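Just below is one structure, and these are the notes that go with it.
Coordinate-derived values only; no laboratory data. Note that the structure is a prediction, hence the values are computed from the model and not measured. Backbone-built Cβ (ideal geometry, glycine too); neighbour counts: all protein chains shown.
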Amino acid sequence: MNAGVNVDVVVVGASAAGTFAALGARGVVADDGSEHPAAPDAPSVLLLDGQDRPGRKVLVSGGGRCNVTNTDVRPEDFRTGRPTDVRNVLRAFGSDALRRLLAGRGVPTVVEPLGKVFPEAPLRARDVLAAIDAAVADAGVQREHGTVVTDVVPDDGGWLVLRDGAPAVRARRVVVATGGRSVPATGSTGFGLELAARLGHDLAPPLPHLAALHGRLGGELAGLTVPATTRVVDADGRELDRATGSLLLTHRGASGPAALDVSGSVEQALADGRRVRVLVDLWGATASDGPLGPWLGADKLPGACVPDALPGSDPGEVDVALRAVADAHPRSHGAALLAGRLPRRLAEHLVADAGDVPLGQLSREARRDVARRVSGLDLRVTGTAGYASAEVTTGGVRLGELDRRTLASRRADGLHFCGEVCDATGRLGGFNFAWAWASGLVAGRGAAALVAPG
């Protein structure tokens, strides 16, 4: 089969990862984020996307503000089977480098609580996207948008990229940066995952992640935001995951960082046929000397979880604390005492079964039941909001099946993978963008380095 166009490198997907793969293949971005012109013999690069205006995930991220990265990105911040490989990729292009590149393009950034990096106001996501698009144009990258890639097939030592209603493209190497299946309204179809599986990759099962939790706790608490530690436990009480941060109770369940960060574990357990519960510890995270202490009482809690989640509070220790409070305030009702630490509506819910009596008058078992609810309120989770609103897809091409230096496939010579299509999924707070920029650059550079001389 003859191709209508011949290029050195085709990048499929003009996502965050895809645009940086194109920049990496052209060799125009240094490790420190500074830019320089492409060399005369730089590989020719074609960036393809099925959307007429790519980059919609960038535009909607962070409520339109775009949390471009985090100042403290660690392998521990990712769901992956290969933490060491994640570390190696992230080292190639860190947060300082990304901030330098954006600043050089007229988009200075600021650091918000827990290391979240945003464009400096009044700049927003659209300015980030415009800056990156300008860098891609200046790099001499050819771009064709609005035509869907239908397949990528081996062809005489290279690859043939087939498109719907457009000439095929023959490339020496192909970088797949098509994302996962999350938020299909932005153009995500799972094409790259299907392609990888078809070409022999054993995928970590793709699942929605960073999605709201659905549960049956009760709508009377909807609208409350509290500091909390969420714990995902199986039927035997074994902890599968936990996160400490802001939790928003909703009519359908729970949202906010402390819910979103554990949603992938909920999805994984349900996919495996295991029953799980999500328990909310309302004691440890509301302590004034805890990791969220600096923001307690503020208008808004940080929009990310703390790096290291608190262990769940011991109900016995909470009971001891409640008993001490009861002894000091024998006539105060339980809800009134808890309201000093929690929203009154939530405090009333926690003691409702015990009755509206002074805490000191509760039986030992009734007080212990309150302690158990304070340290482990069951959200009665039934699932998550799924791909329709999940911010990312967890799972994908296993990093062990990619060369750690180039992200080249070990199953299909000449193919590279980067971004969300890979089995490296960050928590909320700029970590997925950090992976996208770095993995895209590594894959693009790798593709350029392995292009055979013409």
Exercise. Based on the Cβ-Cβ distance of Asp327 and Arg275, what FRET efficiency does E = 1/(1 + (r/R0)^6) give at R0 = 41 Å, to the nearest 0.05?
Worked result: 0.55
Seminar exercise, completed: tail above 14 Å in the computed P(r) of region 221-299, as % of all Cα-Cα pairs, reads 62
Problem set entry | Average silhouette area of region 4-53, convex hull of alpha-carbon atoms, in square nanometres | 4.3
Problem set entry | Dipole in debye (nearest 20) - the chain, about Cα centre, beta carbon charges: Lys, Arg +1; Asp, Glu -1 | 380
For this session: With everything on Cα atoms, drop me the angle between helix 125-138 and the longest principal axis of the chain, reported from 0 to 90° to the nearest 10.
Result: 20
Seminar exercise, completed: For region 190-207, in residue order, the Karplus 3J(HN,Hα) values (coefficients 6.51, -1.76, 1.60; θ = phi - 60°; whole Hz; Gly and Pro = x) are x, 4, x, 5, 5, 5, 4, 5, 5, 8, x, 7, 8, 7, 5, x, x, 8
Problem set entry | Among Gly64, Leu247, Pro206 - extreme Cα towards positive end, dipole of the chain, charges at beta-carbon | Leu247
Exercise. Any idea what angle helix 16-26 forms with the longest principal axis of the chain, computed on alpha-carbon atoms, 0 to 90 degrees, nearest 10?
Worked result: 30
Exercise. Spin-label point model (7 Å from Cα, Cβ direction): what's the Ala449 to Asp31 distance in nm?
Worked result: 1.1
Exercise. For Ala39 and Asp234, FRET efficiency with R0 = 45 Å and r from the beta-carbon atoms, rounded to 0.05?
Worked result: 0.25
Problem set entry | Most positive-pole-ward Cα, Thr189, His349, Val73, against dipole of the chain from beta carbon charges | His349
Exercise. Hey, what did region 213-384 get for relative contact order, percent, Cα under 8 Å, at least 6 apart?
Worked result: 29
Exercise. Along the principal axes of its C-alpha atoms, what lengths does region 177-284 span, in descending order and rounded to whole Å?
Worked result: 49, 34, 22
Problem set entry | Dipole-positive endmost among Ala14, Gly215, Ser389 within the chain (Cβ charges, Cα centre) | Gly215
Seminar exercise, completed: So the angle from the long Cα axis of helix 431-449 to the longest Cα principal axis of the chain, reported in degrees to the nearest 10, equals 20
Exercise. Per the Kirkwood definition applied to all pairs of different Cα atoms, how many angstroms is the hydrodynamic radius of region 277-325?
Worked result: 12.3
Seminar exercise, completed: HN-Hα couplings for region 410-423 via Karplus (6.51, -1.76, 1.60; θ = phi - 60°), in whole Hz with x for Gly/Pro, come out as 8, 9, 9, 4, x, 10, 10, 10, 7, x, 5, 6, 8, 7
Seminar exercise, completed: Rounded to two decimals, the Rg over Rh value of region 213-384 from Cα coordinates and the Kirkwood Rh reads 0.96
For this session: Pop the C-beta distance of Gln142 and Asp164 into the FRET formula with R0 = 30 Å and round what comes out to the nearest 0.05.
Result: 0.95
Problem set entry | Val153 paired with Glu317, simple spin-label distance in nm, labels 7 Å along Cα-to-beta-carbon | 6.2
For this session: Taking the Cα centre of region 309-380 as origin, sum charge times position over the Cβ atoms of Lys and Arg (+1) and Asp and Glu (-1), and report the length of that vector in debye to the nearest 20.
Result: 160
Seminar exercise, completed: With label points set 7 Å from each Cα along the Cα-to-Cβ direction at Arg53 and Ala388, the distance between them in nm comes to 2.5
Seminar exercise, completed: Sorted by chain and number, the residues with a modelled amide H under 5 Å from that of Glu112, at a separation of 5 or more or across chains, are Val117, Phe118
For this session: Find the centroid of the Cα atoms in region 168-232 and in region 417-445, then give the distance between the two in whole Å.
Result: 13
Problem set entry | Relative contact order computed over the chain (Cα-Cα under 8 Å; 6+ residues apart), in percent | 25
For this session: Please report the orientation-averaged projected area of the chain, defined via the convex hull of its C-alpha atoms, in nm².
Result: 21.9
For this session: Enumerate the calculated ³J(HN,Hα) couplings along region 71-78 in order (Karplus 6.51 cos²θ - 1.76 cosθ + 1.60, θ = phi - 60°), each rounded to whole Hz, writing x wherever the residue is Gly or Pro.
Result: 6, 10, 9, 10, x, 5, 7, 10
